[in-house]
1. Please give the charge dipole size of the chain, origin at the Cα centre, charges +1 on K and R Cβ atoms and -1 on D and E Cβ atoms. Round to the nearest 20 debye.
2. For an R0 of 41 angstrom, estimate the FRET efficiency from the Cβ-Cβ distance between residue 28 and residue 190 and round to the nearest 0.05.
3. Kindly flag which residue pairs out of 11/43; 43/119; 11/119 have an alpha-carbon separation exceeding 18 Å in this structure.
4. Antiparallel DSSP bridges in the range 2-101: what percent, to the nearest 5?
5. Kirkwood Rh, the range 2-178, all Cα pairs: how many Å?
6. Mind giving me the FRET efficiency for residue 12 and residue 45? R0 is 22 Å, r the Cβ-Cβ distance, nearest 0.05 is fine.
7. Tally the DSSP beta bridges in the range 2-178 and give the antiparallel ones as a percent, rounded to 5.
8. Between residue 165 and residue 117, what FRET efficiency comes out of the Förster formula 1/(1 + (r/R0)^6) with R0 = 35 Å and r the beta carbon distance, rounded to 0.05?
Amino acid sequence: MRIAILSGNPKTDGLNQTMIQAVIAGAAAAGAEVEEIRLQELKLLRCQVCGDGWGTCLQDRRCQFGADGFTDTAECLLQADALVLATPVYWGEMSETLKCFLDRLRRCQRGQDGALAGKQVLLLANPGGGGGGQISCLQEMERFCQHVGLIIFDTIGARRWTLDYQRQAAFAAARALASGRQNGDTVIIEE
Ligand SMILES: Cc1cc2nc3c(=O)[nH]c(=O)nc-3n(C[C@H](O)[C@H](O)[C@H](O)COP(=O)(O)O)c2cc1C
């Protein structure tokens, strides 16, 4: 099982990275191969909104500016068995780096016949600070998933005062995802 984590976290420490490390550890505990893609380090273009709204993304499912690293990054996601999208909550939305990347990816992989359709995804949206805006951020992420046919496995997010148990939830969710559990399965707990 290959898990790709697409991270819009600009920082390498702090609450968001603690949650991402928990996901990495959980997936590894299930024997998965895990790759964390840190968008902050790639300095990718935003969508150039070619032509009258569509470019090569319409006919070819390809971004004509993809040599900036977009195409290679997208390929990592396409090769993965399951995905994790991770972001801090900024202004009740996902981070700008993640939004810019997903705006381009959505164009190329839109619809149920796109290469992402049917893959499972774990959504991680950490409001960290005041705690507001997590729901609207997750709604934005959910809309992306609908546009490309990703199946949401679970949604998780930590605030400053919930990090202890949300970190455990992130570990457990990633382990379950990486062990092959499917959205719709029923978990039986033996007391
Ligand atoms: C530009 C910006 C906007 C933010 N907007 C929100 C917000 O809407 N709601 C919230 O609870 N926290 C907000 N925060 C706080 C971040 O979500 C918080 O810093 C982060 O999740 C804490 O994790 P960290 O230790 O990884 O930085 C914002 C932070 C920044 C920098």
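1. The calculation lands at about 340 debye.
2. Between residue 28 and residue 190 the formula returns 0.95.
3. 43/119; 11/119
4. 10
5. Result for the range 2-178 stands at 16.1 Å.
6. With a Förster radius of 22 Å, E is 0.45.
7. So the antiparallel bridges in the range 2-178 amount to around 5 percent.
8. That pair, residue 117 with residue 165, gives E of 0.60.
Values in this text are rule-based calculations from the coordinates and carry no lab data. Note that the structure is a prediction, hence the values are computed from the model and not measured. Backbone-built Cβ (ideal geometry, glycine too); neighbour counts: all protein chains shown.
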